[in-house]
1. Could you list, ordered by first residue, the pairs with Cβ atoms under 8 Å in which the first is in the range 247-276 and on the phi > 0 side of the Ramachandran plot and the second is surrounded by fewer than 18 Cβ atoms within 10 Å (Cβ to Cβ) and in a loop (DSSP other than H, G, I, E, B), at least 6 apart or interchain?
2. Quick check on this structure: which one of T96, T91, T8 is in contact (Cβ under 8 Å) with a residue 24 or more places away in the chain, surrounded by fewer than 20 Cβ atoms within 10 Å (Cβ to Cβ) and either more than 23 Å from G150 (Cα to Cα) or in contact with an Asp or Glu (Cβ under 8 Å, 6 or more places away or on another chain) (or both)?
3. If you scan the range 234-250, which residues turn out to be part of a helix (DSSP H, G or I) and open to solvent by 10 Å² or more (accessible area, probe 1.4 Å)?
4. Does the range 251-288 hold any residues that are open to solvent by less than 70 Å² (accessible area, probe 1.4 Å) and among the acidic types (D, E), and which are they?
5. Any residue in the range 291-302 that is under 20 Å from S164 (Cα atoms) sitting within a Cβ distance under 7 Å of a residue that is open to solvent by less than 40 Å² (accessible area, probe 1.4 Å) and of a type in the set (F, W, Y)? List the pairs, counting only those 6 or more apart or interchain.
6. Any idea which residue in the range 185-196 is nearest to Y143 (Cα to Cα), counting only those that are in a helix (DSSP H, G or I) and open to solvent by less than 30 Å² (accessible area, probe 1.4 Å)?
7. What are the residues in the range 197-210 that are at pLDDT below 90, open to solvent by less than 20 Å² (accessible area, probe 1.4 Å) and of a type outside the set (F, W, Y), if any?
8. Looking at the range 1-22, which of its residues are of a type outside the set (G, A, S), part of a loop (DSSP other than H, G, I, E, B) and within 16 Å of W67 (Cα to Cα)?
Amino acid sequence: MNLQYLCTNCLLGTLENGSCTYCHKSIQEAAAKRPAVCLPERCLLGSRYYVGKVMGNGGFGITYLAWDCVQKKRVIVKELFPRMDVRRGRTNARVTAVKGQEEYFEKLKQRFRDEARILSSFCREPAVVDVYQLLEENNTVYYSMEYLSGLDLRTYMEQNGQMSWSQLSEYVRKLLYILRLLHGHGLIHRDVSPDNIFLTSTTEAKLIDFGSVRCYNSSQGLTTILKQAYAPIEQYFSNGNQGPWTDVYSLSVTIYHVLSGQRPPKAPDRIKRDGAIFIGELCPQLPDHVAHAIMKGMAVRSEDRF
């Protein structure tokens with residue numbers, strides 16, 4: 001394959017007369033959407049990964065579509081890039097910490113390595129995205145992982161609205177299974193939410209984004225990384241008592257949202273007066289035992305949950 005003519009938008013077609021033979025995107029259209037802080041397209045990472053379009057650009061990392069020149073397939077490459085704490089060189093791809101953030105950046109690198117290691121340990125589990133390789137280049141850290149076809153649960157809801165329990169139940173079964181595996185290893189995900197649940201078929205789902213995973217029985221305090229709508233009360237405090245019950249809350253709120261189309265009030269707002277409407281009232285067709293299980297899972301007090 002001549003990479004020079006490979007379309008960087010899809011990595012499936014070739015460029016002819018400035019447009020892709022597969023996705024029909026023009027070179028100019030793809031280039032215009034690329035954030036300036038990202039790696040230049042067509043660069044080669046680790047002498048193996050040919051970098052294509054930007055798939056995601058968050059506060060702590062950038063994800064790219066890439067072509068694996070060894071395995072001859074599309075993959076996703078995730079780059080550690082905490083945008084508030086680092087800068088990228090104008091003439092090269094090197095990442096450097098801003099003054100005063102050097103130690104913090106080194107800590108983030110280690111957490112990123114840990115994220116890749118955790119995901120690699122579950123590589124044979126169908127409900128977890130596969131990680132292939134960890135590499136360090138440009139003074140930061142990357143890992144490659146499987147390319148998933150489908151869409152995340154948040155996008156599904158934006159396009160199709162809420163789900164019925166018959167549609168959602170098999171996904172929930174898979175998610176509970178992988179959370180049980182995580183918890184059995186002393187780990188908690190801490191970021192279960194619709195945008196971190198990827199639907200690959202009508203019954204298969206994968207839990208993604210393990211950047212917030214931590215060992216919950218560690219003597220060190222846990223950071224307060226959270227998505228407010230889905231986070232339990234203990235996750236708002238660095239000394240909060242986080243554990244498997246933390247993920248149970250986030251998953252239960254996610255289920256509540258997907259079934260009803262509504263999110264309950266944020267956990268801090270539910271302490272004095274719990275304004276969360278019983279899910280059975282919002283979804284009358286929901287089996288009673290499922291409705292009570294969801295409400296127990298999203299109880300404000302951790303000791304009241306499963």
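1. G261/G161; G261/Q162
2. Values: T91 fails: in contact (Cβ under 8 Å) with a residue 24 or more places away in the chain; T8 fails: surrounded by fewer than 20 Cβ atoms within 10 Å (Cβ to Cβ).
Just one listed residue meets the conditions, T96.
3. Here is the first cut: in the range 234-250, the ones part of a helix (DSSP H, G or I) are 234-236, 244-250.
Across the range 234-250, the qualifying residues are E234, Y236, P244, W245, V248.
4. Listed by number, the list is empty, since nothing qualifies.
5. Taking only residues 6 or more apart or on different chains, the pairs are I294/Y256; G297/Y249; M298/Y249; M298/Y256.
6. Let us first name the residues in the range 185-196 that are in a helix (DSSP H, G or I), namely 194-196.
After this cut, where a residue has to be open to solvent by less than 30 Å² (accessible area, probe 1.4 Å) as well, the list is 194, 196.
Numbers: P194: 23, N196: 18 Å.
Restricting to residues being in a helix (DSSP H, G or I) and open to solvent by less than 30 Å² (accessible area, probe 1.4 Å), the top hit is N196.
7. Correct list: L207 only.
8. Scanning the range 1-22 gives M1, N2, C7, T8, N9, C10, L11, L12, Y22.
The values are calculated or read from the model by the stated rules, or taken from the named source; none is laboratory data. Keep in mind that this is a model prediction, so the values were computed, not measured. Using ideal geometry, Cβ is built from the backbone for each residue, glycine included, and neighbour counts are taken over all protein chains shown. Note: areas computed on protein heavy atoms with side chains; ligands, DNA, RNA excluded. Shrake-Rupley method; radii C 1.70, N 1.55, O 1.52, S 1.80 Å.
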